[in-house]
Amino acid sequence: MILRYLFTFYCVALGLSGEAFGAPIQGEASLEKRQAGQLITRCTVPNTVGMSFDDGPYNYLHDIVNTLKANNATATFFFSGDNWNCIYNADAAERVQYAYNNGMHVASHTWRHGDLATMNWDLIHDEMWRVEQALLKIVGAYPAFMRPPYGSYNSLVLEAARVRGQAVVTWDFDSQDSMGASAQQSINLYQQKIQQHPSTILPLNHETYCERLRFILSLHLIDSLSFLRSLASTAYTVLPAVLPKLKAAGYRVVDVATSQISMDDRTFTKRLFLALLVCGF
């Protein structure tokens, strides 16, 4: 009798799917499919920080990845195709591979970092398609997520993302590194958020920065690596400071995908509850 209850419990929880009979569990492709058309504005797994970096692949990617790994953390890198540097250039492509091969998630930040909300249907698709093709060619992975530049989107962008099988991702916390915040100001913003202790945090950071770095590099006047690193506050000052603080506050720093409860997980939870009722537990 107990075995019969357990079998009923198991089958109802799994919905009598192939999983109950040892069929292979679907991988990342199914995750991408079921996320199609979603708008992600926050993490849904409690006590997670969905760490992310925009505007790469840039010079500091290796050090950001190494810092994340040293702190047992992962992140999602939203790559542009031709913003700072063409993603097909050898150095840029190598950075994408380095992030992917070291357990980070790669995602789309469109091709030229334009405002998608101002574009027509064809241009939106072109911006997304070019990055998809690049990531497929460089690492063999199709992006499950797309972050619109400036966080700017409309219904047309959401529909295009749905058609292309991607979730649109924004954020609920801005480190303000792209707005000229100093390293200490960004750290203070993180500290304030940690003190508020929300269940989850979905931060916006950038691989490059601060804003002064963008201006100085555009002039081609500075070549000192140490000087540039002193300005690259997110990579070399903010991230090493905030990761231990987040961990001490009880958060897990993960990529955006890991911070989301999938629809399959939610469905399984409901089925599990029903199974408990059916079995009289």
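Of the residues examined, residue 93 is one that is open to solvent by less than 40 Å² (accessible area, probe 1.4 Å) and either of a type in the set (Lys, Arg) or out of contact with any strand residue (DSSP E or B) (no Cβ under 7 Å at 6 or more places or on another chain) (or both).
Taking the stretch 154-167 as the range and being open to solvent by less than 40 Å² (accessible area, probe 1.4 Å) and in a loop (DSSP other than H, G, I, E, B) as the test, the residues that pass are 165, 166. Just so you know, in the stretch 197-246 the residues that are surrounded by fewer than 19 Cβ atoms within 10 Å (Cβ to Cβ) and on the phi > 0 side of the Ramachandran plot include one that is modelled with the lowest pLDDT, and it is 220.
A count restricted to the stretch 56-73 and to residues that are surrounded by 22 or more Cβ atoms within 10 Å (Cβ to Cβ), under 17 Å from the mean Cα position of the chain (by Cα) and not small (Gly, Ala, Ser) stands at 6. Residue count for the stretch 92-111 under the criterion of being β-branched (Val, Ile, Thr) and assigned to a strand (DSSP E or B): the result is 1.
In summary, residue 38 fulfils each of the numbered conditions (1) under 18 Å from residue 204 (Cα atoms); (2) modelled with pLDDT under 95 with the single exception of condition (1).
Just give me the residues in the stretch 116-153 being assigned to a loop (DSSP other than H, G, I, E, B) and open to solvent by 50 Å² or more (accessible area, probe 1.4 Å), in sequence order. Within the stretch 116-153, 120, 140, 142, 153 meet the criteria. Residues in the stretch 168-199 that are aliphatic (A, V, I, L, M) and either within 19 Å of residue 113 (Cβ to Cβ) or part of a helix (DSSP H, G or I) (or both): 168, 169, 179, 183, 187, 189, 194.
Give the stretch 81-116 a look and list any residue that's more than 18 Å from residue 64 (Cβ to Cβ), among the hydrophobic types (A, V, I, L, M, F, W, C) and in contact with a Phe, Trp or Tyr (Cβ under 9 Å, 6 or more places away or on another chain), or say none. Passing the criteria: 111, 116. Look at the stretch 80-100: where a residue is under 17 Å from residue 53 (Cβ atoms) and a partner is open to solvent by 50 Å² or more (accessible area, probe 1.4 Å) and of a type in the set (D, E, K, R), sitting 6+ places away or on another chain with Cβ atoms under 6 Å, you get 81/130.
Among the residues of the stretch 109-153, those that are under 18 Å from the mean Cα position of the chain (by Cα) and of a type in the set (Gly, Ala, Ser) comprise 134, 140, 141, 144, 151, 152.
The values are calculated or read from the model by the stated rules, or taken from the named source; none is laboratory data. From a predicted model like this one, the values you see are computed outputs, not experimental measurements. Every residue, glycine among them, receives a Cβ derived from its backbone with ideal geometry; neighbour counts consider all protein chains shown. SASA here: full protein model, heavy atoms, side chains in, ligands and nucleic acids out. Shrake-Rupley method; radii C 1.70, N 1.55, O 1.52, S 1.80 Å.
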